[in-house]
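J.: Below: one structure in structure tokens.
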Amino acid sequence: MRVRLTLAAVLAAALVAVTGCHSDMTAATAGGARPNVPAALNFTGTTLAGKRFDGASLAGRPAVLWFWAPWCATCAGEAGRVAWLATKYQGKVDVLGVAGMGPEADMHTFVKEQQIGNVTSLSDNAGKVWRRFGITQQSLYVLLNAKGQVVTKGFLDDLAIQQAVARLAAV
């Protein structure tokens, strides 16, 4: 049975390579994993702007994932720092907000009121990305190195997040 599954996966990959079939995402293999995409970045979502987002786009550069909720006072307090980090490290470290636990209209209001329009934010009320990273509460950060490996996960105050992102950018 395992040989048949492996053979089927190899044949499917060969067919894609020969025919040139592909989508706007990296070609899928058996089981949903995508070649050359670290496991942590194997997710998709929809941004608050209504655009499709592929976690694979974060591959090859360090990234900060900020998990927030629109009603969270701590998140509101962190928003300015996150926006500043996104601007300061643009082109060196990607910053992605992952919003959940609230109506999407409230998420849009939060982005506008907290002036974080420069930070791409996903609407993740289904919790798909939150579960992928084991997030059970807001406001937490997941920092990934350029290989897509989690190097830090948890709550970080202003100084700690600044220092951690500076270290990511220096590598």
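J.: Any chance you could count how many residues in segment 134-171 are among the β-branched types (Val, Ile, Thr) and free of Cβ contacts under 8 Å to residues at least 24 places away in the same chain?
T.: Adding up the residues that qualify gives 3.
J.: When you scan segment 124-138, do you find a residue that is part of a strand (DSSP E or B) and under 16 Å from the mean Cα position of the chain (by Cα), even just one?
T.: No, the conditions are met nowhere in segment 124-138.
J.: With (1) closer than 15 Å to Arg61 by Cα; (2) at pLDDT 95 or above as the list, and Gln114 as the residue in question, which single condition is left unmet?
T.: Tallying (1) closer than 15 Å to Arg61 by Cα; (2) at pLDDT 95 or above, Gln114 fails exactly one: (1).
J.: Same structure again: Sort out which residues of segment 152-163 are touching a helix residue (DSSP H, G or I) at 6+ places or on another chain (Cβ under 8 Å) and outside any strand (DSSP E or B), and write them in order of number. I'd like the intermediate steps shown before the answer.
T.: Initially, segment 152-163 is screened for residues touching a helix residue (DSSP H, G or I) at 6+ places or on another chain (Cβ under 8 Å), giving 152, 156, 158, 161-162.
Listed by number, the residues that qualify are Leu156, Asp158, Ile161, Gln162.
J.: Might you let me know whether segment 85-99 holds any residue that is among the aliphatic types (A, V, I, L, M) and either at pLDDT below 95 or over 20 Å from the mean Cα position of the chain (by Cα) (or both)?
T.: Checking segment 85-99: not a single residue is among the aliphatic types (A, V, I, L, M) and either at pLDDT below 95 or over 20 Å from the mean Cα position of the chain (by Cα) (or both).
J.: Go through segment 56-82 and give me each residue that's buried (at least 22 other Cβ atoms within 10 Å of the Cβ) and over 16 Å from Tyr141 (Cβ atoms).
T.: Residue satisfying the conditions is Pro70 alone.
J.: Assess whether Ala73 counts as being out of contact with any Pro (no Cβ under 7 Å at 6 or more places or on another chain) and either over 21 Å from Gln149 (Cα atoms) or at pLDDT 95 or above (or both). Step through it out loud before you land on a result.
T.: On the way: out of contact with any Pro (no Cβ under 7 Å at 6 or more places or on another chain): yes; either over 21 Å from Gln149 (Cα atoms) or at pLDDT 95 or above (or both): yes.
The answer is yes for Ala73.
J.: Sticking with this one: Has segment 164-171 got at least one residue that is β-branched (Val, Ile, Thr), loosely packed, with under 12 Cβ neighbours inside 10 Å and either touching a helix residue (DSSP H, G or I) at 6+ places or on another chain (Cβ under 6 Å) or assigned to a loop (DSSP other than H, G, I, E, B) (or both)?
T.: Quick first cut of segment 164-171, residues β-branched (Val, Ile, Thr) only: 165, 171.
Of the ones still in play, those that are also loosely packed, with under 12 Cβ neighbours inside 10 Å are 171.
Then keep just the ones that are either touching a helix residue (DSSP H, G or I) at 6+ places or on another chain (Cβ under 6 Å) or assigned to a loop (DSSP other than H, G, I, E, B) (or both); that gives 171.
Taking every residue of segment 164-171 in turn, at least one turns out to be β-branched (Val, Ile, Thr), loosely packed, with under 12 Cβ neighbours inside 10 Å and either touching a helix residue (DSSP H, G or I) at 6+ places or on another chain (Cβ under 6 Å) or assigned to a loop (DSSP other than H, G, I, E, B) (or both).
J.: Go through the residues of segment 139-151 one by one and say whether even a single one is in a strand (DSSP E or B) and among the polar types (S, T, N, Q). Can you show your working first?
T.: Here is the first cut: in segment 139-151, the ones in a strand (DSSP E or B) are 140-144, 150-151.
Imposing the further condition that a residue be among the polar types (S, T, N, Q) reduces the set to none.
Looking for residues that are in a strand (DSSP E or B) and among the polar types (S, T, N, Q), one finds none in segment 139-151, hence no.
J.: Within the group Val95, Val111, Val129, which residue is assigned by TED's automatic domain parsing to the domain that holds Val165, within 23 Å of Arg167 (Cβ to Cβ), of a type outside the set (Ser, Thr, Tyr) and buried (at least 16 other Cβ atoms within 10 Å of the Cβ)? Steps first, please.
T.: Working: Val111 fails: within 23 Å of Arg167 (Cβ to Cβ); Val129 fails: within 23 Å of Arg167 (Cβ to Cβ).
Result of the check over Val95, Val111, Val129: Val95.
J.: OK, next. May I ask you to say which residue of Val82, Val95 is among the β-branched types (Val, Ile, Thr) and not in a helix (DSSP H, G or I)?
T.: Exactly one residue qualifies, and that residue is Val95.
The values are calculated or read from the model by the stated rules, or taken from the named source; none is laboratory data. Treat the numbers as computed from the prediction; the structure is a model and nothing was measured. Positions of Cβ are generated from backbone atoms using ideal geometry, with glycine treated the same way; all protein chains shown enter the neighbour counts.
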